[in-house]
1. Within segment 146-156, track down each residue that is surrounded by 16 or more Cβ atoms within 10 Å (Cβ to Cβ) and assigned to a helix (DSSP H, G or I).
2. Going by the structure shown, is VAL132 surrounded by fewer than 16 Cβ atoms within 10 Å (Cβ to Cβ), among the hydrophobic types (A, V, I, L, M, F, W, C) and touching a residue at least 12 places away in the same chain (Cβ under 8 Å)?
3. Test PHE118 against the criterion of being outside any loop (DSSP other than H, G, I, E, B), in contact with a helix residue (DSSP H, G or I) (Cβ under 9 Å, 6 or more places away or on another chain), closer than 26 Å to GLU71 by Cα and modelled with pLDDT of 95 or more, and give yes or no.
4. Could you check how many residues of segment 31-59 are surrounded by fewer than 20 Cβ atoms within 10 Å (Cβ to Cβ), touching a residue at least 40 places away in the same chain (Cβ under 8 Å) and within 18 Å of the chain's Cα centre (by Cα)?
5. Being among the aromatic types (Phe, Trp, Tyr) and under 16 Å from VAL104 (Cα atoms) narrows it down to one residue among PHE35, PHE68; which is it?
6. For segment 121-144, name all the residues that are charged (D, E, K, R) and assigned to a loop (DSSP other than H, G, I, E, B).
7. Conditions first: (1) farther than 19 Å from ARG55 by Cβ; (2) at pLDDT 95 or above. ASP161 passes all but one, so which condition is the exception?
8. Please specify each residue of segment 173-192 satisfying the condition of being farther than 16 Å from GLU205 by Cα and surrounded by 15 or more Cβ atoms within 10 Å (Cβ to Cβ).
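The values are calculated or read from the model by the stated rules, or taken from the named source; none is laboratory data. If you're wondering where the values come from, they're calculated on a predicted model, not measured in any experiment. Every residue, glycine among them, receives a Cβ derived from its backbone with ideal geometry; neighbour counts consider all protein chains shown.
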Amino acid sequence: MIKFLRRRVKILIFLFLSVIFGLFSWQYFIFYQGFTVVRVVDGDTIKLNDGRTIRYISIDTPEEGECFAQEAKKINSDLVLGKKVRLEMDTNEMDHFGRYLAYVYLQEGEKKVFVNEFLLTEGMGEFFLDTVNLRYQDVLTQAAEKAHEENKGLWFQCAADVKKGCQIKGNIDRLDKRWYHLPSFRHYETTEVNLKHGDRWFCTEKDAQAAGFKRARE
């Protein structure tokens with residue numbers, strides 16, 4: 001009986017270690033094995049030489065036909081097309097469109113470029129709130145906030161007044177209702193924009209309304 005139990009314990013330990021090392025090997029392959037970018041779909045999506053479509057985590061660039069879409073796509077293309085990139089996955093590895101979700105890295109000489117962060121820092125897109133993939137949320141929100149403060153990229157080109165930038169505040173209140181505030185509104189100064197809570201900056205009222213935000217009281 002004791003021999004049987006010992007044998008069973010050994011089998012369980014072996015199976016446990018096999019799973020652990022299997023997961024480690026897969027993560028090692030994903031991160032350290034490079035893949036070549038063969039196509040840039042838009043500012044936040046690429047295709048790799050192994051056939052996979054990769055969507056950058058926590059960044060949302062303009063869609064085709066929207067303000068700054070072509071510029072964002074070009075910068076993304078100049079950055080990664082034809083180059084070898086490395087991927088890092090988070091908790092949720094795929095979206096409902098079948099695209100793989102990843103943090104993407106590019107080696108430029110001795111410098112490693114975190115593509116998601118770089119594009120946000122340059123104002124190529126907005127921070128996109130992912131409630132599951134949170135590993136680099138702090139880094140990416142800071143990058144997005146920096147670009148907005150400095151009126152970079154779309155925050156300059158898509159503003160109704162380029163001198164002032166995109167100043168419309170989109171805020172989600174405690175009742176989960178979405179309101180947008182113009183600079184002239186009475187609660188504008190006390191309204192916070194917390195990207196980690198789903199709040200957003202908008203360049204126009206039309207953009208805010210399209211995102212499901214309603215005009216707050218003046």
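1. Narrowing segment 146-156 to residues surrounded by 16 or more Cβ atoms within 10 Å (Cβ to Cβ): 147-148, 151-156.
ALA147, HIS148, LEU154, TRP155, PHE156 - these are the residues of segment 146-156 that are surrounded by 16 or more Cβ atoms within 10 Å (Cβ to Cβ) and assigned to a helix (DSSP H, G or I).
2. Details: surrounded by fewer than 16 Cβ atoms within 10 Å (Cβ to Cβ): yes; among the hydrophobic types (A, V, I, L, M, F, W, C): yes; touching a residue at least 12 places away in the same chain (Cβ under 8 Å): yes.
Here the answer is yes, as VAL132 does meet what is asked.
3. Yes, satisfied.
4. Summing the residues that are surrounded by fewer than 20 Cβ atoms within 10 Å (Cβ to Cβ), touching a residue at least 40 places away in the same chain (Cβ under 8 Å) and within 18 Å of the chain's Cα centre (by Cα) in segment 31-59 gives 4.
5. Numbers: PHE68 fails: under 16 Å from VAL104 (Cα atoms).
Step by step, each of PHE35, PHE68 is checked, and only PHE35 is among the aromatic types (Phe, Trp, Tyr) and under 16 Å from VAL104 (Cα atoms).
6. From segment 121-144, those charged (D, E, K, R) are 122, 126, 130, 135, 138; that's our starting set.
Across segment 121-144, the qualifying residues are GLU122, ASP130, ARG135.
7. Result: ASP161 fails condition (2) only.
8. Going residue by residue through segment 173-192, those that are farther than 16 Å from GLU205 by Cα are 173-177, 186-187, 189-192.
Of everything in segment 173-192, just one residue is farther than 16 Å from GLU205 by Cα and surrounded by 15 or more Cβ atoms within 10 Å (Cβ to Cβ), namely THR191.
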